[in-house]
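Below you'll find the structure, written out as structure tokens, and then a few comments.
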Amino acid sequence: MRARAHVLIRFLTCPFLRVLRHLPANATLLDVGAGHGLFSVLARENGAKPTAIDPDARKVRKLGGIKNVIGYDDCIRGTFDAVAIIDVLYKMPINDWDSFLDRIRQRLKPGGTLLIKEHDPTARIRHSWNRVQERLASALHLTLGESFSYEAPAEFAARLGRHGFSATYQRIDRGYPHAHILYVAKLA
């Protein structure tokens, strides 16, 4: 019951469908930090071939048509048309982001698409609400990681550029209480 409530709340508070619009048709997808696999299921229903990876064994479930892996990104081999990272980076210390992005770049095929959905820390009121909610989720042990790392959108897009990506970003939070921002990056 707890897992179902968590998945429902995630679906209602995160614009997964707005992220899904940017996934290439029929893509092989690596969903990093997939949690319960919600985005992977939506992607599968849209024609993608997902591999979902998450280190939290409590969340990983057998889902038809989805390869599920318990672990971190470095245990995956092969390349994919797209990689999705939804609400993951903020839980990692910012000093780990560069090595993480290098590993992700190696998982993408040439011309591949990287989709990163995070929160915009420059939207102060909405971002404050997000921090309160995330502290509650951490206190309830719903998520792993203790960090709350954020970077302004222009700075993060520049970081992606230093890792070989051509990136754009846009707020996708209309109608949501959180400051959702989507980075769409192509491997140059």
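Below is a table of values for the structure above.
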{"item": "Qualifying residue in the stretch 36-44 (condition: of a type in the set (Ser, Thr, Tyr) and open to solvent by less than 50 Å² (accessible area, probe 1.4 Å))", "result": "yes"}
{"item": "Criterion: in contact with a His (Cβ under 8 Å, 6 or more places away or on another chain) and surrounded by fewer than 14 Cβ atoms within 10 Å (Cβ to Cβ) - qualifying residue of ASP120, ASP102, ASP96", "result": "ASP102"}
{"item": "Set ALA84, ALA139: member being modelled with pLDDT under 95 and on the phi < 0 side of the Ramachandran plot", "result": "ALA139"}
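The values are calculated or read from the model by the stated rules, or taken from the named source; none is laboratory data. Being a predicted model, the structure only gives us computed values, none of them experimental. Note: ideal-geometry Cβ built from the backbone for every residue, glycine included; neighbour counts use all protein chains shown. With ligands, DNA and RNA removed, areas are computed over all heavy atoms of the protein, side chains included. Shrake-Rupley method; radii C 1.70, N 1.55, O 1.52, S 1.80 Å.
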